[in-house]
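Have a look at the structure below before the remarks.
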């Protein structure tokens, strides 16, 4: 069984709810996020664990201090991929300056690269727990 790195954001469903024709209650957003993103990530992590593989799960909870959409689906992408120019007009980042995105993203990219090379995202800068079937073993990214 191959090893796995999988994650979700703290408010996965919020961006989808923003495009709804009528306002969506926050409880519905939370329930949808859990059912569509969080529970499946946990289930896949458990399948890897049951197959004797190593799984590392993360919850990306960062949200901009001003503006933005919160920790919505895909908000971690600017920290991992692309350039300032690619993300300049992204509403996800709010008023966050690129230097902050670049600095915080460096640690995240190092963890992902470490996972690709060694099978574990843990580095000297960031210790990641291995998934053990319990939500307490989900690595929290909340800079």
Test residue 87 against the stated conditions and say whether it is surrounded by 15 or more Cβ atoms within 10 Å (Cβ to Cβ), within 23 Å of residue 113 (Cα to Cα) and modelled with pLDDT under 95. yes
Residue by residue through the range 113-143, note down the ones that are loosely packed, with under 13 Cβ neighbours inside 10 Å, out of contact with any helix residue (DSSP H, G or I) (no Cβ under 9 Å at 6 or more places or on another chain) and part of a helix (DSSP H, G or I). 113, 116, 117, 118, 136
Among 66, 76, the single one that is touching a residue at least 12 places away in the same chain (Cβ under 8 Å) and either buried (at least 17 other Cβ atoms within 10 Å of the Cβ) or in contact with a strand residue (DSSP E or B) (Cβ under 9 Å, 6 or more places away or on another chain) (or both) is 76
Among helices (runs of 4 or more DSSP H) lying entirely in the range 1-58, which contain 2 or more residues that are more than 20 Å from residue 128 (Cα to Cα) and in contact (Cβ under 8 Å) with a residue 12 or more places away in the chain? 14-18, 26-33
Somewhere in the range 98-112, is a residue within 16 Å of the chain's Cα centre (by Cα), more than 21 Å from residue 70 (Cα to Cα) and in a loop (DSSP other than H, G, I, E, B)? no
Hey, residue 54 over 16 Å from residue 7 (Cβ atoms) and over 15 Å from the mean Cα position of the chain (by Cα) or not: no
With (1) at pLDDT 95 or above; (2) within 19 Å of the chain's Cα centre (by Cα) as the list, and residue 47 as the residue in question, which single condition is left unmet? (2)
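The values are calculated or read from the model by the stated rules, or taken from the named source; none is laboratory data. Since the model is a prediction, treat every value here as computed from it, not as a measurement. Every residue, glycine among them, receives a Cβ derived from its backbone with ideal geometry; neighbour counts consider all protein chains shown.
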